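Undergrad: What follows is a single structure, and I will ask about it in a moment.
The values are calculated or read from the model by the stated rules, or taken from the named source; none is laboratory data. Every value quoted in this text rests on a predicted model; they were computed, and no experiment measured them. Here the Cβ is made from the backbone with ideal geometry for all residues, glycine too, and neighbour counts use every protein chain on show. Ligands, DNA and RNA are stripped out before the accessible areas are found, and what is left, the full protein with its side chains, is counted by its heavy atoms. Shrake-Rupley method; radii C 1.70, N 1.55, O 1.52, S 1.80 Å.
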Amino acid sequence: MDADRIKEKLNILADAAKYDVSCASSGSNRKNSNKGLGDASNGICHSYTEDGRCVSLLKILLTNHCIFDCAYCVSRKSNDIKRAAFSVQEVVDLTINFYRRNYIEGLFLSSGIFKNADYTMERLVLVAKKLRTEQNFNGYIHLKTIPGASDDLMRLAGLYADRLSVNLEMPTEAGLKLLAPDKSRQDMINPMRFLKNELIQYAEEKKLFKSTPLFAPAGQSTQVIIGATRENDVQILHTADHFYKNYNLKRVYYSGYVPVLADKRLPDLNTAVPMVRENRLYQADWLLRFYGFNVNEIVDQQNPMLDLDIDPKLSWAIRNLHAFPVDINTAPLQMILRVPGIGRLSAQKIVGARKFARLNWEQLKIIGVATNRARYFITCNSNDFERRDLTGTRIKQFILAGSHSKYLRNKPGQLSIF
Ligand code: SF4
């Protein structure tokens with residue numbers, strides 16, 4: 001292996017991969033049972049930077065050559081940049097070497113499109129196959145699939161990878177048409193549907209036959225780019241909700257657009273990366289998946305954008321003051337989950353603890369409730385804080401005055417992977 005050339009390729013292809021946020025090595029359960037290398041399981045294989053991006057994987061492109069010309073992408077064919085491509089064996093060797101040195105816990109492999117979807121996808125699958133079958137590698141593998149690749153290749157990919165992602169890229173079909181005219185939404189939806197059905201089928205077979213192989217045990221995910229086109233948060237969250245409900249996605253990743261290319265269809269080069277908006281979308285996504293909210297409660301045509309100053313749960317509570325105060329000692333779990341400052345774990349602890357005693361502020365603090373926020377929305381077994389007749393605007397002001405949220409001061413910037 002020519003070390004200098006490999007290093008150069010690594011610089012180019014790791015740098016080009018950093019714009020794809022759709023990697024997080026959670027939710028897999030591949031065990032090392034054959035004295036092989038690595039062990040991908042919940043909790044051991046992922047770490048996040050401050051802005052939520054995962055860096056514990058070797059995150060590279062197989063190539064940044066591409067036959068397509070997506071306006072938002074540095075690898076687009078019309079962009080004048082240095083090009084490089086790894087061979088299948090080079091990616092395998094790099095992964096194993098980095099893994100042995102403890103630099104990484106797995107591989108996230110994406111690619112520009114060499115000749116056509118199948119030609120490229122075949123190579124991505126070969127990397128995963130070689131790692132599993134020749135190197136006995138049990139670490140985490142996330143493959144990004146190539147839109148338009150055949151079902152057979154998708155099935156093979158699922159047999160070797162832990163997670164597969166089919167990136168939607170733009171939140172709406174119209175946005176995709178504008179910025180990625182070579183791509184078809186249907187080419188993204190077909191593999192998602194195929195993977196969903198395969199995941200269900202393999203899970204059913206596994207119940208009957210223990211020997212059924214794992215199929216993408218960490219499921220499928222997608223990425224949407226935020227801020228490159230004009231979609232509002234209502235559209236973005238409805239898209240996410242639709243794909244969660246109909247394609248059993250594990251995660252939707254929201255990627256704030258990084259302006260790296262001058263193009264009249266795109267925001268100006270000096271436009272800030274919408275990091276705060278990206279974070280608010282993740283919070284809203286969390287409310288959809290774990291807190292029983294629906295999209296229309298979080299954003300609607302009157303409030304089509306998430307409030308950037310405060311999180312979406314607080315924003316909802318302020319708009320719905322008539323639903324409060326909630327008596328923490330009697331309210332149902334679903335309502336306690338809607339109180340700002342009370343997370344899922346705390347809500348469950350409250351419901352468990354109140355069986356034995358009526359809870360007061362001190363006990364709520366011990367449980368982990370952020371009482372500086374929750375105090376405006378709850379009553380408990382204590383008169384220490386008398387709920388004043390505050391307007392939503394005043395509550396927001398009080399909470400913001402005492403807030404230390406890093407997102408209020410967040411400076412836009414792009415993460416460096418290495
Ligand atoms: S197909 Fe993928 S790699 Fe190629 S230009 Fe579009 S986004 Fe970039």
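Undergrad: Residue under question is Thr239, and the condition is that it be under 15 Å from Gly175 (Cα atoms) and outside any loop (DSSP other than H, G, I, E, B); does it hold? Talk me through it step by step, then tell me what you get.
TA: Details: under 15 Å from Gly175 (Cα atoms): yes; outside any loop (DSSP other than H, G, I, E, B): yes.
Taking the combined requirement at face value, the residue satisfies it.
Undergrad: Also, quick follow-up: Of the numbered conditions (1) within 16 Å of the ligand (Cβ to nearest atom); (2) more than 19 Å from Asp162 (Cβ to Cβ), Ser87 satisfies every one except a single condition; which is it?
TA: All conditions are met except number (1).
Undergrad: Within segment 192-203, can you find the residues that are in contact with a strand residue (DSSP E or B) (Cβ under 8 Å, 6 or more places away or on another chain) and either within 16 Å of the ligand (Cβ to nearest atom) or not basic (Lys, Arg) (or both)?
TA: Residues of segment 192-203 that are in contact with a strand residue (DSSP E or B) (Cβ under 8 Å, 6 or more places away or on another chain), as a first pass: 192, 195-196, 199.
Answer for segment 192-203, where residues must be in contact with a strand residue (DSSP E or B) (Cβ under 8 Å, 6 or more places away or on another chain) and either within 16 Å of the ligand (Cβ to nearest atom) or not basic (Lys, Arg) (or both): Met192, Leu195, Leu199.
Undergrad: Right, another one. Could you figure out which of (1) in contact with a Gly (Cβ under 9 Å, 6 or more places away or on another chain); (2) assigned by the TED database to the domain that holds Lys355 isn't true of Val339?
TA: Among (1) in contact with a Gly (Cβ under 9 Å, 6 or more places away or on another chain); (2) assigned by the TED database to the domain that holds Lys355, Val339 violates only (1).
Undergrad: Oh, and also: Only one of Asp152, Asp118, Asp80, Asp69 is in a loop (DSSP other than H, G, I, E, B), of a type in the set (Asp, Glu), more than 21 Å from Arg5 (Cα to Cα) and assigned by the TED database to the domain that holds Tyr247; which?
TA: Every option except Asp69 fails the conditions.
Undergrad: Now, a different point. Look at Lys59 and say whether it is in contact with a Phe, Trp or Tyr (Cβ under 8 Å, 6 or more places away or on another chain), open to solvent by 20 Å² or more (accessible area, probe 1.4 Å) and not aromatic (Phe, Trp, Tyr).
TA: no
Undergrad: Sticking with this structure for a sec: Which condition breaks for Cys66 when tested against (1) in contact (Cβ under 8 Å) with a residue 24 or more places away in the chain; (2) within 15 Å of the ligand (Cβ to nearest atom); (3) surrounded by fewer than 17 Cβ atoms within 10 Å (Cβ to Cβ)?
TA: That leaves (3) as the condition not met.
Undergrad: Can you pull out every residue in segment 84-104 that is charged (D, E, K, R) and open to solvent by 60 Å² or more (accessible area, probe 1.4 Å)?
TA: Residues satisfying the conditions are Arg100, Arg101.
Undergrad: May I ask you to list the residues in segment 307-334 that are assigned to a helix (DSSP H, G or I) and either surrounded by fewer than 19 Cβ atoms within 10 Å (Cβ to Cβ) or basic (Lys, Arg) (or both)?
TA: Of all residues in segment 307-334, those assigned to a helix (DSSP H, G or I) come to 312-319, 321-323, 333-334.
Matches in segment 307-334: Lys313, Arg319, Leu321, His322, Ala323, Leu333, Gln334.
This table checks each residue for (1) under 27 Å from Leu159 (Cβ atoms); (2) modelled with pLDDT under 85.
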residue: Met1; (1), (2): no, yes
residue: Ile6; (1), (2): no, no
residue: Lys18; (1), (2): no, yes
residue: Ala71; (1), (2): no, no
residue: Asp80; (1), (2): no, no
residue: Ser87; (1), (2): yes, no
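Undergrad: Shifting gears a bit: Filter segment 347-360 for residues that are surrounded by 19 or more Cβ atoms within 10 Å (Cβ to Cβ) and either at pLDDT below 95 or not charged (D, E, K, R) (or both) and give the result.
TA: Answer for segment 347-360, where residues must be surrounded by 19 or more Cβ atoms within 10 Å (Cβ to Cβ) and either at pLDDT below 95 or not charged (D, E, K, R) (or both): Ala347, Ile350, Leu359.
Undergrad: Could you check, for segment 125-137, whether at least one of its residues is surrounded by 20 or more Cβ atoms within 10 Å (Cβ to Cβ) and within 16 Å of the ligand (Cβ to nearest atom)? Lay out the reasoning, then the answer.
TA: Applying the first criterion (surrounded by 20 or more Cβ atoms within 10 Å (Cβ to Cβ)) to segment 125-137 yields 125, 127-128, 131, 137.
With within 16 Å of the ligand (Cβ to nearest atom) added as a condition, the list becomes none.
Looking for residues that are surrounded by 20 or more Cβ atoms within 10 Å (Cβ to Cβ) and within 16 Å of the ligand (Cβ to nearest atom), one finds none in segment 125-137, hence no.
Undergrad: Same structure, new question: Between Val369, Val339, which is buried (at least 18 other Cβ atoms within 10 Å of the Cβ), touching a Ser or Thr at 6+ places or on another chain (Cβ under 7 Å) and part of a loop (DSSP other than H, G, I, E, B)?
TA: Of the residues listed, the single one that is buried (at least 18 other Cβ atoms within 10 Å of the Cβ), touching a Ser or Thr at 6+ places or on another chain (Cβ under 7 Å) and part of a loop (DSSP other than H, G, I, E, B) is Val369.
Undergrad: I've got another one for you. Could we say that Val258 is in contact (Cβ under 8 Å) with a residue 60 or more places away in the chain and not in a helix (DSSP H, G or I) here?
TA: Numbers: in contact (Cβ under 8 Å) with a residue 60 or more places away in the chain: yes; not in a helix (DSSP H, G or I): yes.
Yes: the conditions hold for Val258.
Undergrad: Follow-up. So which residues in segment 173-196 are buried (at least 18 other Cβ atoms within 10 Å of the Cβ) and over 21 Å from Asn248 (Cβ atoms)?
TA: Gly175, Leu176, Leu179, Ala180, Lys183
Undergrad: Looking at segment 128-169, which of its residues are more than 24 Å from Arg100 (Cβ to Cβ) and among the hydrophobic types (A, V, I, L, M, F, W, C)? Outline the logic, then answer.
TA: Residues of segment 128-169 more than 24 Å from Arg100 (Cβ to Cβ): 144-159, 164-169.
Passing the criteria: Ile146, Ala149, Leu153, Met154, Leu156, Ala157, Leu159, Leu164, Val166, Leu168.
Undergrad: Here is a list: Val252, Val295, Val258. Which entry is open to solvent by 20 Å² or more (accessible area, probe 1.4 Å) and closer than 30 Å to Leu195 by Cβ?
TA: Result of the check over Val252, Val295, Val258: Val258.
Undergrad: Looking only at segment 174-213, how many residues end up being in contact with an Asp or Glu (Cβ under 7 Å, 6 or more places away or on another chain) and assigned to a helix (DSSP H, G or I)?
TA: Qualifying residue count for the region: 4.
Undergrad: Exactly one condition in (1) more than 16 Å from the ligand (Cβ to nearest atom); (2) at pLDDT 95 or above is not met by Tyr103; state its number.
TA: (2)
Undergrad: Let me ask something else. Which residues, taken from segment 235-273, are closer than 25 Å to Ser221 by Cβ and of a type in the set (Lys, Arg)?
TA: Selection gives Lys245, Lys250, Arg251.
Undergrad: Any residue in segment 275-283 that is modelled with pLDDT of 95 or more and β-branched (Val, Ile, Thr)?
TA: So far as segment 275-283 goes, yes, one or more of its residues are modelled with pLDDT of 95 or more and β-branched (Val, Ile, Thr).
Undergrad: Search segment 182-202 for residues that are modelled with pLDDT under 95 and pair each with any residue that is among the aromatic types (Phe, Trp, Tyr) and within 16 Å of the ligand (Cβ to nearest atom) when their beta-carbon atoms are under 8 Å apart and the residues are at least 6 apart or on different chains.
TA: From residues that are modelled with pLDDT under 95, the pairs are Asp182/Phe68; Lys183/Phe68.
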